[in-house]
Structure formats: structure tokens, C-alpha cells
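Accompanying notes for the structure given below.
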Amino acid sequence: SRKKIIVKGVARFNEEPKAGIAYLVTHGIVSSPDDHEQVARFLKGTTRVSKKVLGDFLSKKANESLLKAFIGLFEFRHKRLDEALRELLSTFRLPGESQLIERIVEAFTEKFCSDNGSGDIADKDAAYTLTYATIMLNTDLYNPSIKPQNRMTSDAFSRNLRGVKIGRA
């Protein structure tokens, strides 16, 4: 019966996230909608959650604490930035709006830098810039509306990052 409640709660979440969380609270699966860590653990650990809906929900300004709690569940220590970003983005889809993506990138780079201290990347700003540039490169490479001859080359990617101190040296 618990599984049925979870399945129904996730279905509601996929239609209307707040209603889904309220349903899960009502049925004792989640103790409170304000317990961001518990909600984040549920959302990360439940496979039926829509990746698109989750990305849109986490990126809303009102859900900033939930986004940080969700990203806080990841362990990025001893990982390259691209590996950590790939791990995070395997759990949800990025929203289409740049302001919402920016929120996610900011929370990600904060956690990544916290986990890796004085690693290979100079500082949080450099990690932010490299993360955003990596997302833009991926979008450019896999967007079907961009013609193959117009796709970003490695030289163009490097030019876009010129002047940014990425490494410590």
C-alpha cells in the first residue's frame, strides 16, 4: 500500500509538484514540505519522477532551499567539473530559460567548490563560467536546429573562455 501511495504521489508531482508533495505529506511519506532535505532525498531516489518537471520545479526562485538540499545530496569530491555536472544533470533536465539555468549553475558550483576546496579550478567564479560554458557547448553540439557546419569547434570554445582564469597556475 505504501508503494501505491508513492506511485500516486509521484504521478501528482509530475502533474503539479506542490500538490504531489502535499499528497505525500498527507500520507506520511514525507514529514513536511518544509523539510527540504527529506523532500530532496525522496525526489532524487524515486525513479518515476519526471526529469523535466523536476528540473523546472527545482529551478524556481521559491524552491532555492530545496535546490540546495537536492544538490547537497551529491558527492563531488575528487571529480572533475564535467563529471560532477554530468552526474547532477542525469537526475533532471535543465529548464529552457537562462535565468533558471543560472540558479542551478550557481548552486552546483557552490557545492562543487565546497567539495573540492582548492582543486584544479581557480575559484567559484571560474567554476561558474566553465560550468555555464560547458552547458552551452553541449546545447550547441546536440541541438538539432544547428547545422553541423555551424557547431562550436574546440578553438571557438577556447576563445569563449579566453581571459577567464580557470586553473590555479
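The values are calculated or read from the model by the stated rules, or taken from the named source; none is laboratory data. Fair warning: this is a prediction, and the values are worked out from it, not measured in the lab. Note that each Cβ is placed from the backbone with ideal geometry, even for glycine, and that neighbours are counted across all protein chains shown. The protein model used for the area step is the full one, side chains on, heavy atoms only, and it has no ligands, DNA or RNA in it. Shrake-Rupley method; radii C 1.70, N 1.55, O 1.52, S 1.80 Å.
Evaluate the range 78-92: report whether one residue or more is over 27 Å from D35 (Cα atoms), of a type outside the set (V, I, T), under 18 Å from the mean Cα position of the chain (by Cα) and assigned to a loop (DSSP other than H, G, I, E, B).
Restricting attention to the range 78-92, the residues satisfying the condition of being over 27 Å from D35 (Cα atoms) are 78-83.
Filter once more, so that each one left must be of a type outside the set (V, I, T): 78-83.
Now narrow it down to the ones that are under 18 Å from the mean Cα position of the chain (by Cα): 79-83.
Within this subset, residues satisfying the condition of being assigned to a loop (DSSP other than H, G, I, E, B) are 79-80.
The answer is yes; a qualifying residue exists.
What are the pairs with Cβ atoms under 8 angstrom where one residue, in the range 51-65, is within 18 Å of R12 (Cα to Cα) and the other, located anywhere, is among the basic types (K, R)? Sequence gap at least six, or different chains.
K51/R93; K52/R93; L54/R93; G55/R93
Surrounded by fewer than 17 Cβ atoms within 10 Å (Cβ to Cβ) and either in a helix (DSSP H, G or I) or in contact with a Phe, Trp or Tyr (Cβ under 9 Å, 6 or more places away or on another chain) (or both): does that describe E75? Explain how you work it out, then say what you get.
Numbers: surrounded by fewer than 17 Cβ atoms within 10 Å (Cβ to Cβ): yes; either in a helix (DSSP H, G or I) or in contact with a Phe, Trp or Tyr (Cβ under 9 Å, 6 or more places away or on another chain) (or both): no.
Taking the combined requirement at face value, the residue does not satisfy it.
Would you check which residues across the range 121-158 are within 19 Å of the chain's Cα centre (by Cα), open to solvent by 70 Å² or more (accessible area, probe 1.4 Å) and under 24 Å from A107 (Cα atoms) and list them?
Result: K124, D125, M136, N138.
Quickly run through the range 22-64 and pick out the residues that are closer than 21 Å to I104 by Cβ and either hydrophobic (A, V, I, L, M, F, W, C) or touching a Gly at 6+ places or on another chain (Cβ under 7 Å) (or both).
Result: V39, A40, F42, L43, V49, V53, L54, F57, L58, A62.
Can you work out which of the residues in the range 51-72 that are among the small types (G, A, S) and closer than 20 Å to R86 by Cβ is surrounded by the fewest Cβ atoms within 10 Å (Cβ to Cβ)?
Taking the range 51-72 as the starting set, the residues that turn out to be among the small types (G, A, S) are 55, 59, 62, 65, 69, 72.
Subset that is closer than 20 Å to R86 by Cβ: 55, 59, 72.
On the way: G55: 19, S59: 21, G72: 16.
That would be G72.
In the range 9-35, which residues are of a type in the set (S, T, N, Q) and either in contact (Cβ under 8 Å) with a residue 24 or more places away in the chain or in contact with an Asp or Glu (Cβ under 8 Å, 6 or more places away or on another chain) (or both)?
N14
Provide a single number: the residues in the range 21-50 that are over 23 Å from K4 (Cβ atoms) and surrounded by fewer than 17 Cβ atoms within 10 Å (Cβ to Cβ).
Residues meeting the conditions: 2.
Scan A69, A107 and give me the residue that is touching a residue at least 24 places away in the same chain (Cβ under 8 Å), more than 22 Å from A19 (Cα to Cα) and among the hydrophobic types (A, V, I, L, M, F, W, C). Don't jump to the end; show me each part of the working.
Details: A69 fails: more than 22 Å from A19 (Cα to Cα).
Result of the check over A69, A107: A107.
With K44, K18 as the choices, which residue is among the charged types (D, E, K, R), within 22 Å of R103 (Cβ to Cβ), assigned to a helix (DSSP H, G or I) and in contact with a Ser or Thr (Cβ under 8 Å, 6 or more places away or on another chain)? Before you say what the answer is, go through the steps one by one.
Numbers: K18 fails: in contact with a Ser or Thr (Cβ under 8 Å, 6 or more places away or on another chain).
Matching residue, one of K44, K18: K44.
Give the residue, chosen from E87, E97, E83, that is in contact with a Phe, Trp or Tyr (Cβ under 9 Å, 6 or more places away or on another chain) and closer than 19 Å to L58 by Cβ. Write out each step before concluding.
Numbers: E97 fails: in contact with a Phe, Trp or Tyr (Cβ under 9 Å, 6 or more places away or on another chain); E83 fails: closer than 19 Å to L58 by Cβ.
Answer to the check: E87.
Could you count how many residues in the range 95-117 are open to solvent by less than 40 Å² (accessible area, probe 1.4 Å) and either of a type in the set (G, A, S) or not in a helix (DSSP H, G or I) (or both)?
Matching residues across the range 95-117 total 2.
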